[in-house]
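Participant: Pasting a structure below so you can have a look.
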Protein chains: 2
Amino acid sequence: MEDQVVEQPYHHGDLRRALIDAALAMVKEFKSWHFTLREVARRAGVSHAAPYRHFPDKAALLSELAKVGFEMLSVELSAALNNNLSVEEQLTIAAKAYIQFGNVNPALYHLMFSRDAGASEEVHLNERAMATLNVLTSLLERGQRQGVFKDRPVKGLAAACWSLVHGLTMLSMEGLLLPEKVGDQPIDSALNTLLEGLMLER
Amino acid sequence: MEDQVVEQPYHHGDLRRALIDAALAMVKEFKSWHFTLREVARRAGVSHAAPYRHFPDKAALLSELAKVGFEMLSVELSAALNNNLSVEEQLTIAAKAYIQFGNVNPALYHLMFSRDAGASEEVHLNERAMATLNVLTSLLERGQRQGVFKDRPVKGLAAACWSLVHGLTMLSMEGLLLPEKVGDQPIDSALNTLLEGLMLER
DNA sequence: ACCTGAACACCGTTCAAGT
DNA sequence: ACCTGAACACCGTTCAAGT
């Protein structure tokens, strides 16, 4: 069994996890992933050299955080799709869950999509991003089978959806979609416009 | 008249501009805006303290770079719209020019949209971003007057277009829209889907 | 008015040495 | 096996002092 994360004990039960948790907390607190590794160590109650027993360098820790971020996002999306609504409603709900995830975790979301950070395990990250894309793809395929969405190469439709949602997420995170600039409910109307492009006429 | 940027002369004619140029070159070279101010000074041939005569801190220089970036993007968009094509073709062409700008200047584009960097002059930046949005808005309004685009609040349509294009730009910059992952011509098909959502039936 | 050099308080990373 | 302390080569920023 694992103890809870305590401050400054003996040998420190699970330093690796404690470092990740401390870093996640700092990313949330500072709204930036430009924390210092030394402060992560400080918060975990160890010397500044200790993290190097668990991560080869700072980039590796950032990479791990991004991985955790994709897992969190994946959980949110699955939760949003766990219902009996129509495919178009599910698409809207999933999109809103995605956008909300970004707005709740802006710095983490930035980290997940910034090549600067974890250049080392970039391949790994792309796989995680693709998992997100696959959720979208299977939803779109379901809609196509039901005759709701247009019968086009599904990968193209998925790229359109993902790009729009990613764009809405980033712009709203940066405060560039405020009502006074862009009208009321910009996210709803953007998603509506997308749906109208995706759906067949009835 | 202004001399060209030379290396290590007298008092240095126009250090401010030389610093900006050096920084822009480094952003392009490293594909990252995580350069050091000391190296910018080095490349401009001055001491590491000299930049502080022209910028209060590093963030101010980053802010200036972002401003230059928005100006460059604005030039590209204006060039793309300087023709006699139909509004829907102009929208496609402008979108492609926008996406290409990001892919040619990925680190600069990242910088332009990252809150981390120039927290000081954030307001200034938002204005620049809004200028970009306004180009889109007036194009959409023109299309509405011609009865090509749907008669909806134009700000919502503009938010949809900008978000999609921003998303396509970032994802393609990060190499997440490669054909093997997302099918051929993901950008074209995404833009097509958008247009179909925007346009009235004929 | 503009720039330099030394100085301060930090980093990331390494490595001998400790438990 | 895991962690510490000192050390190295850097940063960003400040400030007296130079031209």
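We did not get these values from a lab; they are worked out from the coordinates using the rules stated. As the structure is a prediction and not an experimental result, all values here were calculated from the model. Because the Cβ atoms are built from the backbone with ideal geometry, glycine has one as well, and the counts that use them run over all protein chains shown.
Participant: In what order do B:Ser86, A:Ser114 fall by count of nearby beta-carbon atoms within 10 Å, going from fewest to most? Each step should come with its number before you reach the end.
Facilitator: Numbers: B:Ser86 11, A:Ser114 18.
Final ranking by Cβ density, sparse to dense: B:Ser86, A:Ser114.
Participant: State whether the protein assembly as shown is rounded, prolate or oblate according to the following rule on the C-alpha gyration tensor (a ≥ b ≥ c being the square roots of its eigenvalues): a/c under 1.5 gives rounded; otherwise a/b larger than b/c gives prolate, and the remaining case gives oblate. Don't skip to the answer; put the middle values down first.
Facilitator: Values: a/c = 2.27, a/b = 1.16, b/c = 1.96.
Oblate, because a/c is 1.5 or more while a/b does not exceed b/c.
Participant: Full-extension gain between B:Gln146 and B:Glu180, please, as 0.36 nm times their residue separation minus the C-alpha to C-alpha distance. Walk me through the numbers before you get to the answer.
Facilitator: Details: separation 34, 0.36 × 34 = 12.24 nm, distance 3.90 nm.
Taking B:Gln146 through B:Glu180 to full extension adds about 8.3 nm, to one decimal.
Participant: From other protein chains only, count the Cβ atoms within 10 Å of every residue's Cβ in A:106-116, then give the mean. Can you show the working numbers first?
Facilitator: On the way: counts 1, 2, 0, 0, 5, 0, 0, 6, 6, 8, 8.
If you average over the peptide's residues, the count of other-chain Cβ atoms is 3.
Participant: By count of other Cβ within 10 Å, fewest leading, how are B:Trp33, B:Trp162 ordered?
Facilitator: Details: B:Trp33 20, B:Trp162 26.
Ranking B:Trp33, B:Trp162 by Cβ neighbours within 10 Å, fewest first, gives B:Trp33, B:Trp162.
Participant: Mind checking B:146-157 for the average number of partner chain beta-carbons within 10 Å of each residue's beta-carbon?
Facilitator: Numbers: counts 0, 0, 0, 0, 2, 0, 4, 6, 1, 9, 11, 5.
Across the residues of B:146-157, the mean count of other-chain Cβ atoms within 10 Å is 3.
Participant: Something else now. With point charges of +1 on the Cβ of Lys and Arg and -1 on the Cβ of Asp and Glu, referenced to the Cα centre of the range B:33-107, which listed residue (B:Ala79, B:Phe101, B:Ala66) lies farthest in the positive direction of the dipole?
Facilitator: Sorting the options by dipole projection puts first B:Ala66.
Participant: Please report, in debye to the nearest 20, how large the charge dipole of chain B is about its Cα centre when each Lys and Arg carries +1 at its beta carbon and each Asp and Glu carries -1 there. Please list the in-between numbers first.
Facilitator: Working: 20 positive and 25 negative charges, 59 e Å.
About 280 debye.
Participant: Classify the range B:58-198 as rounded, prolate or oblate from the Cα gyration tensor: take a ≥ b ≥ c as the square roots of its eigenvalues, call it rounded if a/c is under 1.5, otherwise prolate when a/b beats b/c and oblate if not. Walk me through the intermediate numbers first.
Facilitator: Numbers: a/c = 2.02, a/b = 1.33, b/c = 1.52.
The shape class here is oblate.
Participant: Past 26 Å, Cα to Cα: identify those pairs from A:Lys155/B:Lys28; A:Lys28/B:Lys58; A:Lys181/B:Lys150; B:Lys67/B:Lys96, in the order given. Walk me through the intermediate numbers first.
Facilitator: Numbers: A:Lys155/B:Lys28 31 Å; A:Lys28/B:Lys58 23 Å; A:Lys181/B:Lys150 20 Å; B:Lys67/B:Lys96 21 Å.
Checking Cα-Cα distances, A:Lys155/B:Lys28 exceed 26 Å.
Participant: Would you kindly work out, in nm and rounded to one decimal, the distances from the label point of A:Asp14 to those of the same position in each other copy, ordered shortest first, with label points 7 Å along Cα-to-Cβ?
Facilitator: Nearest to farthest, the other copies are at 5.9 nm.
Participant: For each of B:Thr193, B:Thr137, count neighbouring Cβ atoms within 10 Å of the residue's Cβ, then give the residues from fewest to most.
Facilitator: B:Thr137, B:Thr193
Participant: Can you grab the distance from the C-alpha centre of the range A:183-202 to the C-alpha centre of the range A:88-109, Å, no decimals?
Facilitator: Taking the Cα centre of the range A:88-109 as reference, the centre of the range A:183-202 is 16 Å away.
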